[in-house]
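Below you'll find the structure, written out as structure tokens, and then a few comments.
The values are calculated or read from the model by the stated rules, or taken from the named source; none is laboratory data. In this text the structure is predicted, and so the values were computed from the model without any measurement. Here the Cβ is made from the backbone with ideal geometry for all residues, glycine too, and neighbour counts use every protein chain on show.
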């Protein structure tokens, strides 16, 4: 079989694959990897066990840098962090499979019935991260690439919960939330909206709540943190809290 070094070497030597950033994941921190990192253009190196938040943050950083730079992505080295004991799950999913990421449309012209989650996010890397997490939770979802589309998809699909990025084109997350809350005044409904922010600044939560959101979540988003938020806000028809 091929080990990680063999795979990295094969990718680096293949012109069809050499532009793909590679994140090296090793069991121990060894200086011997230094030459391989330079020779094969490794974009980042993590030492196992890597916490989910660190892994997601590294993947997002590497992909974004690879898209914004010409040539190989800049090498990123994360400090070794002792992983804490795994916490028990916050809830158990009791629904069926979710829609795959590739099947999450931007349009509301042909909705396939009600959904669990509406993702309002314009960054395709973050869309992928959210999609993978929600797939793992067994929740159905659709993606809106801007605030205006999010409002339209809310009207058409009536999701059970909305993940609302606050910085989007055409209509930002705060404006989209206010528009949705205005529509709810005539229907008497209230859909939980979780604001997603790029920073964990002191005033971010207040701005989200003032706009009509119910909660907020700073990036990078980890599966555990997102799962806990969803378990808190979704009804028991979607998730059942463990005792």
### Query
For residues in the range 150-187 being in contact with a helix residue (DSSP H, G or I) (Cβ under 6 Å, 6 or more places away or on another chain) and assigned to a loop (DSSP other than H, G, I, E, B), which is modelled with the lowest pLDDT?
170
### Message
Can you tell me which of (1) surrounded by fewer than 18 Cβ atoms within 10 Å (Cβ to Cβ); (2) modelled with pLDDT of 90 or more is the one residue 206 doesn't meet?
### Response
(2)
### Message
Out of everything in the range 134-149 that is modelled with pLDDT of 90 or more and not in a loop (DSSP other than H, G, I, E, B), what residue ends up being farthest from residue 173 (Cα to Cα)?
### Response
134
### Query
Do we find that residue 194 is part of a helix (DSSP H, G or I) and either closer than 18 Å to residue 150 by Cβ or modelled with pLDDT of 90 or more (or both) in this structure?
no
### Task
Counting only residues that are at pLDDT 75 or above and more than 25 Å from the chain's Cα centre (by Cα), give me the helices (runs of 4 or more DSSP H) lying completely in the range 1-83 with at least 1 of them.
4-13
